[in-house]
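Presented below is the structure to which this report refers.
The values are calculated or read from the model by the stated rules, or taken from the named source; none is laboratory data. Just so you know, these numbers come straight off a predicted model, no measurement behind them. Backbone-built Cβ (ideal geometry, glycine too); neighbour counts: all protein chains shown. For the accessible areas, the whole protein counts, side chains as well, though only heavy atoms, and no ligand, DNA or RNA atoms are used. Shrake-Rupley method; radii C 1.70, N 1.55, O 1.52, S 1.80 Å.
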Amino acid sequence: MTELNDALAANLSLTLLDGADMTTLFSPVTIAGLRLRNRFVMSPMTRAFSPDGVPGENVAAYYARRAESLGIVMTEGSYVNESAGGFDNVPRLFGDDALAAWRRVTDGVHAVGGFIFSQLWHIGAQRDAGAGPYPDSPMISPSGVNCDGQVVGEPATSAQLEETVEDFARAAVFAKAAGFDGVDLHGAHGYLLDQFHWPVTNRRTDAYGGDMAGRVRLSAEIAAAVRAAVGPEFPVDFRFSQWKGNDFDARIAESPRELEAFLTPLVEAGVSMFHASTRRYWMPAFDGSGRTLAGWTRHLSGRPVIGIGSVGVGAPFMSITDDASSGRAPSLSLAPLADLVNRGEFDLVAMGRASLADPHWAVKVSSGRLSEIRPYNKSADAFLY
């Protein structure tokens, strides 16, 4: 394993900068009212190191280490209510014990001059009926259908959807009170809000289904409720994706016009910025244009946008091989990233695996200490470095 890491580090050192000018990426920038030290963001990544949903000192130290050198740190998804999740040791954003623990996390981040957002999460039909940590809670989803198209429960009632909106807003208030600098609404990757966005999982015929206006309605209602609850200045980020965990080719929007119909209600609801999640940040979003999903989002919404997808790693997320001849294969080079930011495709750059493996990745790149970077491999998933 040591020899493999040495080889990966050597490859990083040779190809990461690739002669590109990184000035823009590492210069301070103001986004959503926050003066950030650079344009790099730690992407939300579920770590499940919070027993009983309460983050400990190890979690606080994990986030603070990354906040020393990144513009924004985003937490792993945190459950907004008792029905929101089905995985043990994932943090929650309710209950006095959890909220007091999150205050220690945010204090640690602020002590090193960083900013931190809380990701508000509900997994919907990806939760198995009766799964913990609250097995008696109902499974909430648009149509009782999971991402594989299997019927796993009953469609959510109007009353349940109203309660879900209230719970997201309450969680945002708790996040603000716990010292977070913003919230990220998780509307991607086949979880609850994205289950409404996608026709495969949303088969409703009421106001929350059908065309794009119906499918984005719940997300817009949640964004509006969050905005009303936290006030006009508090940053509210909305994360969305085309792809799902079981379907990399899935699409909620087939054209820029459909994407605009998705984004506009969210902008009107008060979303401050968008987080366009892709597996390859450089790939065009639609035929006939080289513009990326993040680029289209910025163009159509007029809001700042975070781009993401295989930054600083040699394989796309959830894959170890790809077709290099098609231009779809990842590259360690940051030159395309710098070019896209300089051209205004997106404003901030989120990193997942690279920052997971090395909390000081950004400062090592900016100072030219490339040979010191700890490259990502799967073993990093098992620890809180």
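Here are some notes:
- With a Förster radius of 41 Å applied to the C-beta separation of ALA382 and SER255, the computed FRET efficiency comes to 0.50.
- Point-to-point label distance, THR23-GLN150, nm (Cα→Cβ direction, 7 Å offset): 5.5
- Relative contact order (%) - criterion: Cα under 8 Å, at least six apart; region: the chain: 17
- Residue-level accessible surface for SER379, protein heavy atoms, 1.4 Å, Å²: 50
- Accessible area of the chain divided out per residue, in Å², using a probe of 1.4 angstrom: 39
- Counting DSSP beta bridges with both ends in the chain, the antiparallel % (nearest 5): 15
- Kirkwood Rh and Cα Rg combined as Rg over Rh, evaluated for the chain: 0.94
- With every protein chain in place, region 10-154: carbon and sulfur % of accessible area (1.4 Å): 49
- Farthest toward positive dipole pole in the chain [+1 Lys/Arg, -1 Asp/Glu at C-beta], among SER219, PHE248, TRP296: TRP296
- Note on ALA111 and ASN89: their simple-model spin labels are 2.5 nm apart, each label 7 Å out from Cα toward Cβ.
- Computed extension gain for GLN160 through GLU233, at 0.36 nm per residue and net of the alpha carbon distance, reaches 23.4 nm.
- Nearest-20 debye value, region 59-114 charge dipole, Cβ charges on Lys, Arg, Asp, Glu: 220
- Fully extending the segment from ASP211 to THR30 would add 61.6 nm, taking 0.36 nm per residue of separation and subtracting the current Cα-Cα distance.
- Centre separation in Å (Cα based) which lies between region 83-111 and region 209-271: 25
- Taking trypsin sites (Lys or Arg not before Pro) as exposed when DSSP calls them loop and at most 12 other C-beta atoms lie within 10 angstrom, the chain has its longest site-free stretch at 1-342.
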